[in-house]
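Read through the structure below, which is laid out as structure tokens, and then see the notes.
The values are calculated or read from the model by the stated rules, or taken from the named source; none is laboratory data. If you're wondering where the values come from, they're calculated on a predicted model, not measured in any experiment. Here Cβ is always computed from backbone atoms with ideal geometry, including for glycine, and neighbour counts include all displayed protein chains. Heavy atoms of the whole protein, side chains included, go into the accessibility calculation; ligands, DNA and RNA do not. Shrake-Rupley method; radii C 1.70, N 1.55, O 1.52, S 1.80 Å.
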Amino acid sequence: MADAPNFEKCTLAYTLPWEAGWVTAVTFIGASRKLAAGNEHGQIMLWEVPEKAGETVPLPTRRLDGHTNYVSRLFSAADGKTLISTSYDHSLRYWDMTAGSKGEDSVVLQTKKAPNKEPVPTLTHKVELQASEKTLGGHKDWIQATDLSADGNLLVSGDDKGNVIVWDRPAGTELRRWQLKGWAFAIALSPDAKLAAVAERIPLIFDSGRQAALRLWDVTTGQMVKDFSNQQGAKGEHFGAAAWSPDGKLLAVGQGNESSGKIYLLDAATGKKVQEIAGHLSGVNELRFLEEGKLLLSTGRDTAIRVWQTSDGKKLAEVGKPRGGQFKDWYHAMSLSADRKWLAAADMAGAVAVFAVG
Amino acid sequence: MNPLCPVREHVSRRAFLKASLSVGGAAVANWGGLFNSASLAAEAKKQGMRCILMWMNGGASQIDTFDMKPGRPTGGPFRPISSKVAGTQVCEYLPKLAQQTDKLAIIRSMVTSEPDHPGGITSMHIGYRPEVSIAHPELGAVIAKYHGKPDSDLPTFIRMGPAGNGGPGFLGPEYQPFSIGRDGRLPPFSDAYATAESEKRRSDLLKLVEDGFTQENKADPYGAHRLAKEKAWRLLKSKGIFDVTKDWPKAKERYGDSEFGRGCFLARKLVEADVPFVEVGHDNYDSHADNFVCHKANMNQLDPAWSSLLIDLQERGLLEKTLVVWMGEVGRTPYINNRAGRDHYIRAWTIVLAGAGVKGGLTYGETDIDGKTVKDKPVTEGDLFATIYSALGISPRTKHMVGTRPITVAPERSVAVADILS
């Protein structure tokens, strides 16, 4: 294993401008420094992050056209050959990262200052265009929750009609599906990909139709096997992010929406709360375990990525910082490069923040 | 004297003196209707008009429902769908209602005066900007007055869930709203704790005692108390109408399994039973954050309830006598804030009418390309209320004396939207 990344020495290396509305998803591709980000309009842009910090701000190289609405999640297959995207347009798409371009277009990258106020040139820039390799249908509403198995062979996606679909990822075929009572808000696959933790919501206010649940489902049968909904910390909560520790013993869930943004570490066997972590000023959007489960990365509605020690919930580092006030922007998503030298965040203010990890 | 109009609504020497001596109108506010036209009220009652107000508490977003701006920065993630009326598009999360747009008059050009909740709730229930000196009656109280049957055992102004805050105002306690739970259930205290015979004996005894008391002690509150008691006893006789337990399992398949759906179903039953005004509140549209998930969740309840209500009213021949109003206290900003929310907006928003007295299948007014301003045919809250009253056969110029001031049911300068009226 590579040396443990030192998040305390993270510095903002690049703010990648993109006149995009909200940047809603981000991922590094395979083992490369290629970075993909999606926006609220359904576009996906690719950048090549420089070898080290301090170089010229990179410009995008390619735009992936196909989605027609908000890109909600991006995943890279481990081999870096396929990018997987999900969207509010009810589809999942595969993008061949080895494919050539299908033309080019001029894009506006910046007409306003970046969130960090650093001067960024007002730019229009030519990018290559690419269409998707494959489109997976089957959902009938926004796809908000998705997870990819560690070996990249299984994909589980959930939508706002409560449909959860298990996909053979390489083949792009539906294996099975099940129905939730609420909307799928977060999904996390166990390390062996046999169980899926699914957090549900129906975000009604003052109405008995409000729904909140956290349940474990057998991915091979589509049957619910455990219900953690009434466990301490889980009752009535809408969890917007979930992740399973590499040893399968811990399930991390983060309060979503405009909540207090707490993170709970649950015993994955019983659902009992093991640790409560302060989390974020508002809802949590993404969680990821690192270092064999000793560390947990989180990001959410306060434009910060935080690093937590799972044994005691102690905060070890904060990357980025809350902008404060009532109107504060979010980091929708984060991604750590395979070499652990770069940490990227999808900034709602219309940019991709790339931090150099110490 | 017309038996339908209470004595106090006619001019008497005593009332005239009281009004003349009053320093402010509020001092004799409950002496409303002193100069009201009795013949007008009688005429309106003959028509048997009714109104159901679907109140979108907190303020629903016009751009995410009926005035969509796809592809614009203000558009948001919802997509429009075609409807039964060519050229009229509605949100993709209103698919059932899209098949009922031939019944809808969509006003896309509301320009109102109260940007926040308390003032907005009041003004969108009374048709006026809130005033300290005059307690204007709510829409429900006015309709109860002009279309309520005095001999009915049922209340004439019923509301459930989040609703108005104006009350009967100067029309007096006779038109006080009767509030029930958001799911349409009566409060527990409505259960009688004695037999019907025993209740009647108690009522008669109380009346005897109170009649003697009020002979010696003249004051409005005593009358109001007596009136409330009598209304309660009469309601006990007919409370079965509120129990939809038997019908609901089947009805919820169409109205949707929600409190709002159940409320709309009960509203239909109540107007069938001649209740002239029912308000059904739907919480909560005040989406300063997470506007889109909030609206999606609400529209999932709104769509089956509203569309089924319109279908049922039409099938029963009630739609031509029942005006269904969809509105809240404010619209929401075209601009999407960085909490994925929309804030309050009163410069260009949407209200929908259907049924009695209005044309269906039309949109009225227009906003600009981003929905920020009204391009054409602005409609104020006063104009809206003038339109609603006109549709229900009540002249917007109907006056009530408040102190020495004649007050019209809709503001003096308001204009009913003739293009909408059938």
Prolate/oblate/rounded call for the protein assembly as shown, Cα gyration tensor, a/c under 1.5 rounded: prolate
What FRET efficiency comes out for the pair A:D339/A:A99, r = Cβ-Cβ distance, R0 = 25 Å, nearest 0.05? 0.55
Per residue of B:290-299, how many C-beta atoms from partner chains lie within 10 Å of its own C-beta, taken as a mean? 5
Against the longest alpha carbon principal axis of chain B, how many degrees, from 0 to 90 and to the nearest 10, is the axis of helix B:38-47 turned? 50 degrees
Under the rule rounded for a/c under 1.5, else prolate if a/b exceeds b/c, else oblate, using alpha carbon gyration tensor axes a ≥ b ≥ c, the range A:139-282 is classed as oblate
Accessible surface ranking that places the most exposed of B:T363, B:T387 first, with a 1.4 angstrom probe: B:T363, B:T387
Average beta carbon contacts from partner chains per residue of A:176-183, 10 Å cutoff: 1
A drop of at least 40 square angstrom in accessible area, chain alone versus all protein chains together, probe 1.4 Å. Which residues of the range B:255-274 meet that? B:E259
If you average 1/r across every pair of different Cα atoms in chain A and take the reciprocal, what Kirkwood value do you get, in Å? 20.2 Å
List the pairs from B:K200/B:K231; A:K161/A:K272; A:K140/A:K181 whose alpha-carbon separation is above 22 Å, in the order I gave them. A:K161/A:K272
Tell me, what % of the accessible area of chain A is carbon and sulfur with a 1.4 angstrom probe? 48 percent
Please calculate how many Å² of accessible area the range A:7-356 carries per residue, with a 1.4 Å probe and no DNA, RNA or ligand atoms counted. 38 Å²
Within straight-line cross-link reach of A:K321, lysines at Cα separation under 27 Å, skipping those fewer than 8 residues along the same chain: A:K9, A:K34, A:K52, A:K112, A:K113, A:K117, A:K262, A:K294, A:K341
With each pseudo-label sitting 7 Å past Cα toward Cβ, what's the A:T135-B:R413 distance in nm, one decimal? 5.3 nm
Run the numbers on chain B and let me know its relative contact order in percent, using alpha-carbon pairs under 8 Å that are six or more apart. 30 percent
Rolling a 1.4 angstrom probe over the protein chains, ignoring ligands and nucleic acids, what is the accessible area of B:I134 in square angstrom, nearest 10? 10 Å²
Hydrodynamic radius of the range A:125-196 per Kirkwood, over alpha carbon pairs, in Å: 13.1 Å
Nearest 5 percent is fine: what portion of the DSSP beta bridges confined to the protein assembly as shown is antiparallel? 85 percent
Within 10 Å of each Cβ of A:199-208, how many other protein chain Cβ atoms are there on average? 6
Rounded to the nearest 10 degrees, the helix B:381-391 long axis (Cα) sits at an angle to the longest Cα principal axis of chain B of 70 degrees
Report the antiparallel proportion of the DSSP beta bridges in the range A:7-356 as a percent, rounded to a multiple of 5. 95 percent
Quick one: net charge of A:G138's neighbours, Cβ under 15 Å, K/R +1, D/E -1? +1
Between chains B and A, what is the buried accessible area in Å², counting both sides, with a 1.4 Å probe and ligands, DNA and RNA left out, to the nearest 100? 2200 Å²
Tell me which lysines have Cα within less than 17 Å of A:K126's Cα, excluding those fewer than 8 residues away on the same chain? A:K102
With every protein chain present, what is the per residue accessible area of the range B:206-265 (1.4 Å probe, Å²)? 62 Å²
Given A:96-104, B:82-90, the highest-first ranking by average Cβ count within 10 Å works out to B:82-90, A:96-104
Less than 13 Å Cβ to Cβ from A:A196, Lys/Arg counted +1 and Asp/Glu -1: what total charge do the surrounding residues give? +1
Estimated FRET transfer efficiency when R0 is 51 angstrom, pair A:V108-A:T270 (beta carbons, to 0.05): 0.45
Cα to Cα, under 23 Å, and not fewer than 8 places away if on the same chain: which lysines meet these conditions relative to B:K359? B:K45, B:K46, B:K84, B:K96, B:K103, B:K321, B:K375, B:K377
Could you tell me whether the range A:286-358 comes out rounded, prolate or oblate from its Cα gyration tensor? Rule is a ≥ b ≥ c as square roots of the eigenvalues, rounded for a/c under 1.5, then prolate if a/b exceeds b/c, otherwise oblate. oblate
On the protein heavy atoms, probe 1.4 angstrom, tell me the percent of accessible surface of the range B:188-243 carried by carbon and sulfur. 61 percent
Which value in deg cm²/dmol, rounded to the nearest 500, describes the helix-derived mean residue ellipticity at 222 nm for chain B, given -39,500 (n - 2.57) per DSSP H run of n ≥ 4 and division by the residue count? -10500 deg cm²/dmol
How many percent of DSSP beta bridges within chain B run antiparallel, rounded to 5? 50 percent
If amide hydrogens are placed 1.01 Å from N in the peptide plane, which non-local residues have theirs closer than 5 Å to the one on A:R62? A:L46, A:E128
Could you please state how large a percent of the accessible area of the range B:284-422 is carbon and sulfur, counting protein chains only and using a 1.4 Å probe? 49 percent
